[in-house]
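Right, one structure below, let's go through it.
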Amino acid sequence: MSEYTRLLPVVALRNMAVMPGMLIHFDVNRKMSMEAIEEAMLSNQQVMLVSQIDPEVETPTKLDLYEMGTIAEIKQMIKLPGNVVRVLVTGLERAKLEEIVSEQPFLKANVTIEEEPEVELSENEREGMLRGLRDLFDVYEVEYGKLNKDIIRQVKSSKDLEKIVEQLMIHIPMTLEDKQKLLRCEDFVERYEQLAAILANEIEIIRIKKEMQNKVKDKVDKNQKDYIMREQLKVIREELGETNTASDVEQYREKLSQLIASDETKEKIEKEIERFASVASSSSEGAVARGYVETLLELPWDKKSEDIKDIHFANKVLNTEHYGLTKVKERILEFLAVRQITEKGDSPIICLVGPPGTGKTSIARSIAKSLGKEYVRICLGGVRDEAEIRGHRRTYVGALPGRIITGLKQAKVKNPLMLLDEIDKVGSDQKGDTASALLEVLDSEQNEHFVDHYVEIPVDLSEVLFIATANTTQTIPRPLLDRMEIIEINSYTEVEKFHIAKNHLFAKQLKKNGLTKSQLSISDKAMDRIIQGYTREAGVRTLERRLGEICRKTARQLLENEELKKVRVSDKNLKDFLGNEKYQRDLANKKPEVGIVRGLAWTSVGGTTLQIEVNTMPGKGNILLTGQLGDVMKESAQTGISYIRSIGPEYGIEDDYFEKHDIHIHIPEGATPKDGPSAGITMATAVLSAILNEKVRAEVAMTGEITLRGHVLPIGGLKEKLLAAKLAGIQMVLIPAQNKADYEEIEKEVTDGLSVVCVETMKDVLKHAMCK
């Protein structure tokens, strides 16, 4: 193989390649390309044509050009308007771009021309190659169908194999990359094989393209047929006066196509749409079908929101919006941590139990915010009908889905946070048991296929985060209670109330009443006094109302007195805003007395102290119980007296004392109902003190249930009771020994300043309570 090198001007071509033997014209508008053509015209009219790898490059270098190109002879050059030159060239021979000699003002390069070696082919080989190429061309011509007839005639009539290959290289449409492959071929046989491969590949591509076009055409034909039939149906409906139904059906089908749901669900909804389409819209059945289809399309079957998995963000949100409530926050962060590690964790079903106003409902809203979930609140207070949960069957007039399904529609996602508020206040009557209907909803093993009577298609509730709230667990049925994780929210301490009022409630009321911190301030002492003297509750609702009252009076003062810029509320002028104090602390007695003992009780608004008074007098052995006591409390008093009678001889009580004396037990505030067994040891101590005429220490309070044998049994509401004792100035509190674990969990803030003694029997109680 011989080769030689020439120095020629170079023109870079965009999105095209010139093959040897090709006569073609193209437009040039780059300055460097124009100057290269002018240079060629001044010499032998020959130029090197090379394709650009990236057509977007304005000033190409060797790295931007293909290695192989074609030396062409310029036949004609015409200048067109817009600084464009049209050039007519003939491809002469393939050449290799070796070295760019200069890049300015145009590309000039050394190119190598390689003379192809003569390939000796036998007659049989040549004939076989010719027939093979013609067969491929025949198939290509049929499949492509756009070739020039002159080219077809030349290829079929010619017996010159080299000429046929050259003509096909020029006239067969192919990509720039395929043309470069042909230019890189060093001999005729290699070029023939490459061309045959390109032809075979093009035939396959054309066939695939036709197949796809036929499929599209069939689909279009079917759509056109459907369109014509729908138009005919539309005309028929217009004649019948049912024009709305057709447009509604189209809308429903469009919504169904966009619905994120399983194929099975979509199939059922499609059937309901077809049923609706066949029903007259004016009939009552049409209205029912319409409502049902719209409900199905509005449900978020498989549509989910993306949860926030950042545990630090969640912790920040919970702590910013709520003070205290440690157990609730810990449980939510634990759930988040598990979900982050496993990427899928079962949504907990939590029940927050505590007195009113302790933030159960508001913490649920904060949890939703911290997890990035949609928030839905369902109030169950006073709900007595099972259909409120499960929905009504569609056979009834005015049937509706239950509150759970309605909540999902409102949330528009399948994984919201759903708050079941006041779950302890659901009822039951002849229409069904609402609490029993909730069993399936709140069972993580069953709620994956919750079936509402109205919807009648299983709905997945397993990804819903259920949070229920209740004031007490006593009225919640045991099976329902067993399905929920109980977290108790106790009463707030005065310090907690102070922080909540200062950091949250005050700012909320300022905003609500259109004020700013620069217009109203409340001193710390005034805030303490509001908490102690104007509220008596476990939560902070009344406290918020008192702060709202101050804000309203401040707004009025600022409007009436334009010179007044800021109102300052202190403990000295607080009375001007809220009037006289509403509550006085029930303080401990100043000195020990006979038959008077301080007990501790739990109420719906927190803990309180009870002063139990006992008098003995000559009589016939009657026992009087006054103060509006409940049955359990009366029985507890009877138990305490029976125990004292059993140990009478140990304390020198005469055998006939209880037959000759009446015992009167009274608990003040007679208008307030009182019940429960936890005052048992208190009443027993007071009775023994009155009988023995011995004083009981005034700084001691106690709580605990008593048995006939004198054992002290555990009680509930310990934190609230200790808090009440502390506020009353009590120094020592006697609690059941079995409540020691509960005592150890109580914050130090509550127990500071209290001497808490755990007692097991009445002897331990008397040892600490009676004056020595």
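The values are calculated or read from the model by the stated rules, or taken from the named source; none is laboratory data. Nothing here was measured: the structure is a model prediction, and the numbers come from that model. As a convention, Cβ positions derive from the backbone with ideal geometry for all residues, glycine included, and neighbour counts pool all protein chains shown. Only protein heavy atoms, including side chains, enter the accessible area calculation; ligands, DNA and RNA are left aside. Shrake-Rupley method; radii C 1.70, N 1.55, O 1.52, S 1.80 Å.
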* **Per residue, in Å², the accessible surface of the chain once ligands and nucleic acids are set aside, probe 1.4 Å** => 52 Å²
* Lys and Arg at +1, Asp and Glu at -1: add these up for the other residues within a Cβ distance under 12 Å of Glu654 and post the number. => -1
* Structure fact -> Quick calc, the chain, dipole around Cα centre from Cβ unit charges on Lys, Arg (+) and Asp, Glu (-), nearest 20 debye, gives 4280 debye
* Of all DSSP beta bridges located in the chain, what percent are antiparallel, nearest 5? -> 60 percent
* Structure fact -> Among the Cα-Cα pairs of region 467-538, the proportion with separation greater than 19 Å, in percent, is 54 percent
* Which of the pairs Lys31/Lys179; Lys409/Lys511; Lys695/Lys740; Lys329/Lys412; Lys369/Lys412; Lys369/Lys409 have their Cα atoms more than 23 Å apart in this structure? -> Lys31/Lys179; Lys409/Lys511; Lys695/Lys740; Lys329/Lys412
* Asked: With the calculation restricted to Cα positions, what are the radius of gyration and Dmax of the chain in angstrom?
  -> 47.3, 148
* Rounded to two decimals, what ratio of Rg to Rh does region 117-257 give with C-alpha atoms and a Kirkwood Rh? -> 1.36
* To do: Please name whichever of Thr516, Phe188, Thr265 sits farthest to the positive end of the charge dipole of the chain, dipole taken about the Cα centre and charges placed at Cβ: Lys and Arg +1, Asp and Glu -1.
  => Thr516
* Dividing the alpha-carbon radius of gyration of region 615-724 by 2.2 N^0.38 Å (N being the number of residues), what value is obtained? -> 1.07
* Structure fact -> Inverse of <1/r> over all distinct C-alpha pairs of region 32-151, i.e. the Kirkwood Rh in Å, gives 17.7 Å
* So how do 384-393, 60-69, 264-273 stack up, highest first, on mean other-Cβ count within 10 Å? -> 384-393, 60-69, 264-273
* **q = 0.22, 0.35, 0.36 Å⁻¹: log10 I(q)/I(0) that the Debye formula gives for region 636-675, counting C-alpha atoms only** => -0.79, -1.25, -1.26
* Quick one: with all protein chains in place, what share of the accessible area of the chain is carbon or sulfur, to the nearest percent (1.4 Å probe)? -> 48 percent
* To do: Taking the Cα centre of region 262-364 as origin, work out the dipole magnitude from +1 charges on Lys and Arg Cβ and -1 charges on Asp and Glu Cβ, in debye rounded to 20.
  => 540 debye
* Structure fact -> Rounded to one decimal in nm, the spacing of the 7 Å Cα→Cβ label points at Lys620 and Arg184 is 12.5 nm
* Structure fact -> Of the candidates Leu442, Thr761, Asn319, the farthest towards the positive dipole end of the chain (Lys/Arg Cβ +1, Asp/Glu Cβ -1, centred on the Cα centre) is Thr761
* Asked: What is the Å³ per residue value for the convex hull set by the Cα atoms of region 692-772?
  -> 87 Å³
* **Extension reserve of the Arg552-Glu93 stretch, reckoned as 0.36 nm per residue once the Cα distance is removed** => 155.5 nm
* To do: With a 10 Å radius around each residue's Cβ, average the other Cβ atoms per peptide and rank 28-41, 460-473, highest first.
  => 460-473, 28-41
* Across 10 Å bins from the origin, how do the percents of Cα pairs in region 408-497 run, short distances first? -> 14, 42, 31, 10, 3, 0
* Roughly how big is region 327-410's charge dipole about its Cα centre, with Cβ charges of +1 (Lys, Arg) and -1 (Asp, Glu), in debye to the nearest 20? -> 180 debye
* Asked: Which whole DSSP H helices in the chain pass both tests: a Cα extent of 20 Å or more along the axis and a mean Kyte-Doolittle value no lower than 0.0?
  -> 284-298, 326-342
* Rounded to a whole number, what is D in µm²/s for region 556-671 from Stokes-Einstein with the Kirkwood radius over alpha-carbon pairs (25 °C, 0.890 mPa s)? -> 131 µm²/s
* Asked: Restricting attention to the alpha-carbon atoms of region 548-619, what are Rg (one decimal) and Dmax (integer), both in Å?
  -> 22.0, 73
* For Ile735, what is the net charge nearby, where nearby means another residue's Cβ is under 10 Å from its Cβ and Lys, Arg count +1, Asp, Glu -1? -> +1
* Asked: If you count, for each residue, the other Cβ atoms within 10 Å and average over each peptide, how do 179-191, 205-217 line up from highest to lowest?
  -> 179-191, 205-217
* Could you grab the Rg to Rh ratio for region 322-369? Cα atoms only, Kirkwood for Rh. => 1.00
* Asked: So, counting K/R as plus one and D/E as minus one, what does the shell of residues with Cβ under 14 Å around Gln52 add up to?
  -> -2
* Say the dipole of the chain comes from +1 at the beta carbon of Lys and Arg and -1 at that of Asp and Glu; which of Val101, Gly391, Ala17 then lies farthest toward its positive end? -> Gly391
